[in-house]
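Read the structure below first, then the notes.
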Amino acid sequence: MNRIFDITLKDFTQILRNRMTFLFLLIMPIAFTLLFGLAFGGSSNQSSDARLPVGLLNQDNSAISMQLQTLLTNSMVIRLDTTSGRSESDLAGLVGSNKLAAALIIPSGYSQSVRSSSPLKLGFYADPSQASTTTVESELLVASNRLASAVRTANIAAKVTDNPTIFDPALAQALATWQNPPIKVSITSSVSSKPQNQNILSMAQSSPAMMIQFAIAGLLTAATVIVNERKTRALQRLLTTSTSRFQILMGHYLAIFSLIFVQFLLLMLFGQFLHVNYLRLPLATLLVALITAICIAALGLLIGVLAKSEEQAIVFSLIPMFVLSGLGGAWVPLEYTGAAFQAIGHISPVAWAMDGFKNITARGLGFSSVLLPVAAVFGYAIVFFALALWRFQRVSE
C-alpha cells in the first residue's frame, strides 16, 4: 500500500508543477461557467414557469367547459397553452415534436353531456413513452372529476329547490369549496411546480457542465506524466523492483482521482456561491461527484496508457472532452433537443453525470433520483479501468 501512495504522491507533485493544471481545473471552468450561465439567460432576474405545457382546444365554449379551463389554468402542475387558430392536427403535431407535453381537446356538446351525467370523452394527445404523460393525465382527471362532482351538486340543488336558475350560483359555490377543502393532501411530484429563477436554472446547467468538461480536458497533464514515465524508462526500472503492475496503475489512478475530486469540491463550493443548490442534498451531491470523479480518473488512466507521446496524450484528452461533452449536454441542455438526440446523448457518461447533478440542483428530486445516473457512470468507470489494466499489462511486458 505504501508503494501505491508513493507513486500517487509523486504523480500529484508532478501534475501540480504544471501551470496548465490550474488553467484547466479551476480557471477555465469558473470562466466558462459564468460565460455559459449568461448565454443561457443567467443575467435575467425573471422567473420561468416550470409547469408542463399543455395545449388546449375548446370546441364547446360553454360555461361548464370554461369552468374546466379555469380549473386547469389554476393548476400548479400544467400550464395551458390556449393559442388561438390551432386545429386538432396542429396540437397533435406540437406534441409529436415535443413542443408540448400534451394536448387536450374539449369536444362540442361537452357541457350538456356533463349536466346529463354522461360526459363526453375528452380528446387527449401525448407521448406514452414520456414520464410527464402520466403526470398530465392525472392532473386532467382530477380537474374533470372535480368539475363533474360540482355539476352533480348544482343539479341536486336545482332539483331540490325546483329552481333551475340556482344551478349557476350553486356550481360556482361548489367549485369555490374545492379550493379550500376541509382536508388537503400534499403530493410530492417529480415535476417542479414552483417558478424558478432563470439565473439559478442557467447556472445549474453551466456549473456541473463546465466542471465535468474541464475535468476531462485536464486529463492531458495527468496522462502526460504516465507517458513521460515510459519515455524516460522510469517505468521499466520500477518494474524491476517488487512493485507490481497493479500497484503502479493504482498509484497513477489515485493521483488523477484525487486531483479531480478536489477540483469538484472547490467548483461545487463556487457553484453554491452562484446559488446552485448543491447542498440541498449534500450526500447525494457527494455521491454523484465521487462516482463521476472515479469515472473520469479511469478515463484519464486509459488515455495515459494508450498514448505513446505527449502529442497523443493531448489529442486523446481533447477529443473525448469535445465528443463526450457535446453529446452529453454540457454545451446545450438535452432537454432542448428531441427525444432521438437525448437517447444518443446518453451514450456519453457526461449525460448521466449531468442528470445526477441537475436532479438535485434544478429538478428538486430526492436521493433516489441519482441512483440510476450514478450506476450508469460507475459502469463506464469499470469499463475504462478494465481497458486500462488490460492495455497496461501488454505495454509493460
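None of L281, L299, L238, L265 is modelled with pLDDT under 90 and of a type in the set (A, V, I, L, M) except L238. Entry remark, the range 274-289: residues being more than 17 Å from the chain's Cα centre (by Cα) and surrounded by 18 or more Cβ atoms within 10 Å (Cβ to Cβ) number 1 in total.
Does V332 satisfy the condition of being more than 19 Å from the chain's Cα centre (by Cα) and surrounded by fewer than 18 Cβ atoms within 10 Å (Cβ to Cβ)? So V332 fails the test. Only one of the numbered conditions (1) at pLDDT 85 or above; (2) in a helix (DSSP H, G or I); (3) under 25 Å from A340 (Cβ atoms) is not met by A103, and that is (2). The residues of the range 102-139 that are under 39 Å from the mean Cα position of the chain (by Cα) and of a type in the set (V, I, T), listed by number, are I105, I106, T133, T134, T135, V136.
Residues that are in contact with an Asp or Glu (Cβ under 9 Å, 6 or more places away or on another chain) and farther than 30 Å from F246 by Cα were ranked within the range 364-397; the one that is surrounded by the fewest Cβ atoms within 10 Å (Cβ to Cβ) is S369.
Could you tell me whether any residue of the range 129-148 is in the same structural domain as N61 (by TED's automatic domain parsing), over 25 Å from S87 (Cα atoms) and touching a Pro at 6+ places or on another chain (Cβ under 8 Å)? Checked against the condition, which is being in the same structural domain as N61 (by TED's automatic domain parsing), over 25 Å from S87 (Cα atoms) and touching a Pro at 6+ places or on another chain (Cβ under 8 Å), the range 129-148 yields at least one hit. Can you list the helices (runs of 4 or more DSSP H) lying wholly within the range 313-397 that have 2 or more residues being under 21 Å from A217 (Cβ atoms) and in contact (Cβ under 8 Å) with a residue 60 or more places away in the chain? So the answer is 349-361, 371-395.
The values are calculated or read from the model by the stated rules, or taken from the named source; none is laboratory data. Here the structure is a predicted model, which is why all the values come from computation and not from measurement. Ideal geometry is used to build each Cβ from the backbone, glycine not excepted, and the neighbour counts take in all protein chains shown.
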